[in-house]
Structures are given as structure tokens and as C-alpha cells.
Amino acid sequence: MIDMEKTPAMPQLPTTGQKAATRREPVARLGRDAAVAAICGLVVVLMVGASYAAVPFYNWFCRATGFNGTTQVATAAPAGAPLARKIAVRFDANVAPGLPWKFEPEQTEIEVRIGEVVTVFYTVTNQSARTTVGQAAYNVAPLTVGAYFQKINCFCFTEQTMDPGEKREMPVVFYVDPALVANNDNDGLNTITLSYTFYPVREPAPKPLAASELDKRKGSL
């Protein structure tokens, strides 16, 4: 008589359904991994795109609101007469490393009436023996005053190309918007500082060819 308790159990072979499920598991895992990878890639692309889009949006926001001391660009003088209230405007000049220029204001401070259109000059000298190109970044302090500092004309709007040893006077035409006095937060404001920093331009924008140069080029073809 066979002792059933001592007889080893026979191994159970997988059924057809179990075999199919076993084969489907790696395929399902691959599908999930591919989906996760695709989602991660999409998130990275969106983040990179957002970072590039944030730069022009931030610049537009600063120009529109005066945030971070960004000055405004005016097309004309204010309509009304200047106010009696005066404010001191200080001028600061800096040059970033890599640009061999000497850059300084002709006056370090002036007193202006609010709403008065004023022209001041900065002096720039290229101290190198080669042609160099720079462009100025700017802001005002306190940073909250940027919305009221209106520039009609400024050398900072365009790239500046300087020949070897060239010295040049660069004007700034501006006024302090009378709307400044309507904000009670500015009641104790006595001084505004306008600050510029010239940075080197590694690849200056190409200049348009004159008509005579175009004719010469056409003739040489």
C-alpha cells in the first residue's frame, strides 16, 4: 500500500492561459516604460520651451511695468508744464570685462524738475587698437521708480561700434513722469540713480549695404 503522505507531489505544469499571461507581462512592462519615458520627454521639452519663452516675456513685462528698475521709452515730452517739485538724478557708468572702453558721465548729478525734459551726456572712449562693439544695459534705483523714468533718446537702444582710439559723446534725453507725485510712496523720494553698464557684443548685427556697395557686388558676379 502506498503511503500518500510520503509520496512527493507532482509539479503542476502551467496552463495555456498562464503561459500567455507570462508572455504578456514583459510586453506590458515595456509598454508602461515607453509611456513613462514619453511623458518625461514631453515634460522636459515643455520646460525648455517655457524657459525660452520666459525671457522675452520677462523683458516685455519689465518694459511695460518698470519692474526691476527698467526705464520706460517715451516718444514725446509730457503734455503739461514741469512741476515745481525737484529731484536729484545721479548718473553711474560701468564697463563689463572684455570691453576695452572708458565710460563715464560728464556730470555725476543734476537737479531737475519733475516733468522737465533734460539732456545729459556720457563720454565713451575705445582704448584698444581695434574696432569694438558694445551695448549698454540700464536701470534706475530705487527699482520702483523705473515706471516713472521716461527716456526719449538713449545710446542704449542700439549697438555702439567704436573705431580704435575713438572718443564719442553719447546723449540721453529723459524726464521724470509727473505721475510719480500721485503715488504717496514717493513722497520722501529725493534722488534717482540712472545706471548703465556696457557689455561687449561678440557677434554684432550685420549692417545694411549701401546702394553703391550693392552695385559693386552685382558687377563682380
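Strands (runs of 3 or more DSSP E) wholly in the stretch 102-173 with at least 2 residues that are of a type in the set (A, V, I, L, M), in contact (Cβ under 8 Å) with a residue 12 or more places away in the chain and open to solvent by 10 Å² or more (accessible area, probe 1.4 Å) - which ones? Quick ask: steps written out before the conclusion?
Working: elements: 109-113, 118-126, 132-141, 149-154, 160-162.
Correct list: 132-141.
Just the residues that are among the basic types (K, R) and over 23 Å from the mean Cα position of the chain (by Cα), please, taken from the stretch 134-192.
If the condition is that a residue be among the basic types (K, R) and over 23 Å from the mean Cα position of the chain (by Cα), then K167, R168 are the ones that fit.
Quick one: is V201 more than 29 Å from A76 (Cβ to Cβ), modelled with pLDDT of 90 or more and among the aliphatic types (A, V, I, L, M)?
When the stated conditions are applied, V201 passes them.
Please work out if V181 is open to solvent by 30 Å² or more (accessible area, probe 1.4 Å), in contact with a Gly (Cβ under 7 Å, 6 or more places away or on another chain) and at pLDDT below 95.
In short, no.
Please specify each residue of the stretch 83-101 satisfying the condition of being under 22 Å from V181 (Cβ atoms) and crowded, with 18+ Cβ neighbours inside 10 Å.
Those that are under 22 Å from V181 (Cβ atoms) and crowded, with 18+ Cβ neighbours inside 10 Å: I87, V89.
Give the residues of the stretch 83-101 that are touching a residue at least 40 places away in the same chain (Cβ under 8 Å) and over 21 Å from Q150 (Cβ atoms), sorted by residue number.
N94, V95, A96, G98, L99, W101
The values are calculated or read from the model by the stated rules, or taken from the named source; none is laboratory data. Treat the numbers as computed from the prediction; the structure is a model and nothing was measured. Heads up, the Cβs are rebuilt from the backbone with ideal geometry, glycines too, and the neighbour counts pull from every protein chain shown. For accessibility, only protein heavy atoms count, side chains too; no ligands or nucleic acids. Shrake-Rupley method; radii C 1.70, N 1.55, O 1.52, S 1.80 Å.
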